[in-house]
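Shown next, in structure tokens, is the structure this report addresses.
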Ligand code: SF4
Ligand code: SF4
């Protein structure tokens, strides 16, 4: 914004009619400039805030927010846990019974282990995305869900084998 340097009127100088009108001119132009800036921001500039929670931002599809493991396609390979720089992925798996039905992931990878625990402590997660990058079946993905604050740190541990986890994911990922 350009600014005009005005010569200050010394108080010791007598007030002439010309100076009196000059003072009025300066006051009016100064207030007008200020009001123009105010009006510009009040009506002319797109708001930078939203009325959350009535209005919600939709994050870009490639956002790295809360993680989701589509456990049916997880082969318990531990690669995500090994890649995680903060060790916040907890996996427990047992060997499948040799007489059990042969099962595969949706991309045709044989599932040789039974996943019995898959938990991510999102309070520790730094959302670096390394775990999703190494996942061979691409069952581990970031969602665009950013509303998962909790009152206790313990509640930030998400069990991806919990019965309601799929319905949460379907609600978030359209
Ligand atoms: S996003 Fe990074 S910190 Fe979070 S679970 Fe994956 S690897 Fe670990
Ligand atoms: S990398 Fe993927 S397939 Fe392997 S344990 Fe992690 S989520 Fe499961």
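The values are calculated or read from the model by the stated rules, or taken from the named source; none is laboratory data. Predicted, not measured: the structure shown is a model, and the values here were computed from it. So basically every Cβ, Gly included, is an ideal-geometry build from the backbone, and we count neighbours across all protein chains shown.
Among the listed residues 133, 141, 137, identify the single one that is within 15 Å of ligand 2 (Cβ to nearest atom), exposed (fewer than 14 other Cβ atoms within 10 Å of the Cβ) and at pLDDT 90 or above.
Working: 141 fails: exposed (fewer than 14 other Cβ atoms within 10 Å of the Cβ); 137 fails: exposed (fewer than 14 other Cβ atoms within 10 Å of the Cβ).
Answer to the check: 133.
Being out of contact with any helix residue (DSSP H, G or I) (no Cβ under 9 Å at 6 or more places or on another chain) and more than 20 Å from residue 59 (Cβ to Cβ): is that true of residue 92 here? Walk me through how you get there before you give the answer.
Numbers: out of contact with any helix residue (DSSP H, G or I) (no Cβ under 9 Å at 6 or more places or on another chain): yes; more than 20 Å from residue 59 (Cβ to Cβ): yes.
Criteria met by residue 92.
Counting residues that are over 21 Å from the mean Cα position of the chain (by Cα), which strands (runs of 3 or more DSSP E) fully inside segment 40-133 reach at least 2? So that I can check it myself, show each step before the final result.
Values: elements: 67-69, 89-95, 113-121.
Strands (runs of 3 or more DSSP E) meeting the threshold: 89-95, 113-121.
Among the residues of segment 53-75 satisfying the criterion of being more than 16 Å from ligand 1 (Cβ to nearest atom) and assigned by TED's automatic domain parsing to the domain that holds residue 112, which is surrounded by the fewest Cβ atoms within 10 Å (Cβ to Cβ)? Walk me through how you get there before you give the answer.
Taking segment 53-75 as the starting set, the residues that turn out to be more than 16 Å from ligand 1 (Cβ to nearest atom) are 53-58, 60-61, 72-73, 75.
Subsequent filtering for residues that are assigned by TED's automatic domain parsing to the domain that holds residue 112 retains 72-73, 75.
Values: 72: 13, 73: 17, 75: 20.
Looking at the filtered set, the residue picked out is 72.
Which members of segment 120-174 meet the condition of being within 12 Å of residue 64 (Cα to Cα) and more than 10 Å from ligand 1 (Cβ to nearest atom)?
Result: 141, 143, 144, 145, 146.
Could you please let me know if residue 105 is more than 30 Å from residue 55 (Cα to Cα) and either touching a residue at least 60 places away in the same chain (Cβ under 8 Å) or surrounded by 15 or more Cβ atoms within 10 Å (Cβ to Cβ) (or both)? Even if it seems obvious, please write down each step before you answer.
Details: more than 30 Å from residue 55 (Cα to Cα): yes; either touching a residue at least 60 places away in the same chain (Cβ under 8 Å) or surrounded by 15 or more Cβ atoms within 10 Å (Cβ to Cβ) (or both): yes.
It is true that residue 105 is more than 30 Å from residue 55 (Cα to Cα) and either touching a residue at least 60 places away in the same chain (Cβ under 8 Å) or surrounded by 15 or more Cβ atoms within 10 Å (Cβ to Cβ) (or both).
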